[in-house]
Structure formats: structure tokens, C-alpha cells
Amino acid sequence: MKISVVFPLALGLLTIATPRPAQAAALKSIAYLCKLEGPNRAVDDAAIAHITSLDYSVHTLGEATRPEEVKEDMVVLSSTVSGKNVSPAWRFAPKPLLTWENDSLDDLAMTGKRHDVDFGETEKERYLWLVNAPHPMSGGLPPGIANVYAKQNPMSWGKPGLGATIIATVYGQPEKAAIFGYEKGATMNYESLAPARRTMVFLDNATFTALSPQGLCLFDSALLWTGYRTEQAASCVISQNSGARHP
């Protein structure tokens, strides 16, 4: 009589290592696209100087610059550009990009196409409502009201696709996202996949110099996240001690 013996597999003796996704290297060079000659050039210069102080190398370029002309690691698209002059090829560019030009959000596939429905700007606002405090783009600020301007100013917003991470909305208008981002590979509008990180912040043409300490913290945090930098911005340490002024 032939007997077959089956030996059970001993559990717990074999460990299968699951590979972890590689962490992207922190980016340190930025192409800053703006209108090179215009009424708000001084505001762009202030933004460039501040970004440089965050240990970035910044190269200022004109609004019509195409992706293949850019050698820097990441891109900042100022709202002083004219949307019609910005290359539509930026939608597919494999470089992380941060913008506050709401008229380009649809071209970047970050929102739909309808002005004042899918994207736009408010006339006079001062406060945001933070809805995702644990995310690095919140800069360690608590959930709820954040005072982002020294006084009321225009504020850009968008209505992003389902793949976006929303950080803050315009105060009292939860349908208007004021800070949001897409991770690389996330689904944007028109079934587009983000070719790299994409981030939108709430600024307008002339409002960078009107940022409050909390507003500067949120701007810096969005910029650092877009470029895969994990440290907390120094401006956030200051803003956390300043408190929020309620409307």
C-alpha cells in the first residue's frame, strides 16, 4: 500500500518583502512663468525673491515659454500671464507645476471649462476654511478659519476633479476650492491623469504682497509639497503663533 504524505507549509517562517514606492527627490530649481512687462511685475519680483529665500534656484521666463524649453525641475505659473498665451502643452508636461492663474485651470485639466462655474475669482475675500489639516499643504495650521490676507482682496478658486486633494475652500463657499492638488497619476478633469504633481493656490495678480502670516504659510507649504520637499516652512512656525482673526 502506497501512502502519500503531504507536509503542510509552515506559516510565519517565510517573509515576503513588499517593495515600497521610491520617494521622489526634493526639487530645488524652478521656472517661474509670468508676464515679463506689465503692471504687476513688482509683485512677481516679490514672489520670486521669496521663493528664492526658500532655497530654490529661480529662472524667470515669459508666459509663452513651452515645456520643452524649460530645464528646471518644476514650474510656477503666475496669474500675471494671459491664458491665451500659455502653451496648452503644459497639461502633459511631466514636471510638477503650481499655479494661481484660474483662467489656465481648464487648459491644465485641473478643472472644467466653465468660467464662474468650474473656476473663477472672488472680488473681496480675506478668509479660507481649512478642511484637510493633516495634509502637509496645510502647514500645520488647525482646521477651520484661516486669515490669509492682511485685508480683503480678490481670491482665485476652482472646482477640481475627483482625484484632487482639497486643502481649503473660500470661507462660506464650500463649493469653491482655494487650495488643492493632484498627486502624480491622479485623475483630473477630462479623464486626464496628472503627469506630475499639480497644485492650485488662491492668489490673484497683485495679492502675493498682501499675504498674512497664515497666507504665507499656506503658500510656502503648497510650494514645498509640489516639489517633494518634506520640511515644514519657517513661515508656518510664525503663523501658528499668530492665530486666526475671525470674520
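Tabulated data for the structure shown
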read-out: Options VAL86, VAL75, VAL131: the member that is surrounded by fewer than 24 Cβ atoms within 10 Å (Cβ to Cβ), hydrophobic (A, V, I, L, M, F, W, C) and within 19 Å of GLY227 (Cα to Cα); value: VAL75
read-out: Where ARG229 falls short, out of the listed (1) in contact (Cβ under 8 Å) with a residue 60 or more places away in the chain; (2) under 18 Å from ALA150 (Cβ atoms); (3) not in a helix (DSSP H, G or I); value: (2)
read-out: Positions within region 148-183 being of a type in the set (D, E, K, R) and touching a residue at least 40 places away in the same chain (Cβ under 8 Å), in sequence order; value: LYS151, LYS159, LYS176
read-out: Test result for VAL201, among the β-branched types (Val, Ile, Thr), within 19 Å of LEU77 (Cβ to Cβ) and surrounded by 18 or more Cβ atoms within 10 Å (Cβ to Cβ); value: yes
read-out: Lone qualifier among THR60, THR122 - being in contact (Cβ under 8 Å) with a residue 40 or more places away in the chain, part of a strand (DSSP E or B) and over 18 Å from the mean Cα position of the chain (by Cα); value: THR122
read-out: Residue within region 221-244 that is modelled with pLDDT under 95 and hydroxyl-bearing (Ser, Thr, Tyr) present; value: yes
read-out: Test result for GLU191, within 18 Å of ASN132 (Cα to Cα) and surrounded by fewer than 20 Cβ atoms within 10 Å (Cβ to Cβ); value: no
read-out: Qualifying positions in region 138-160 - of a type in the set (S, T, N, Q) and out of contact with any helix residue (DSSP H, G or I) (no Cβ under 8 Å at 6 or more places or on another chain); value: GLN152
read-out: Unmet requirement for LEU141, which otherwise passes all of (1) surrounded by 20 or more Cβ atoms within 10 Å (Cβ to Cβ); (2) in contact (Cβ under 8 Å) with a residue 40 or more places away in the chain; (3) closer than 25 Å to ALA196 by Cβ; value: (3)
read-out: Failed condition for ASP116, given (1) surrounded by fewer than 16 Cβ atoms within 10 Å (Cβ to Cβ); (2) under 18 Å from SER221 (Cα atoms); value: (2)
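The values are calculated or read from the model by the stated rules, or taken from the named source; none is laboratory data. Remember, predicted model here, so these are calculated numbers, not experimental data. When we count neighbours, we look across all protein chains shown, and the Cβ atoms used for this are built from the backbone with ideal geometry, even at glycine.
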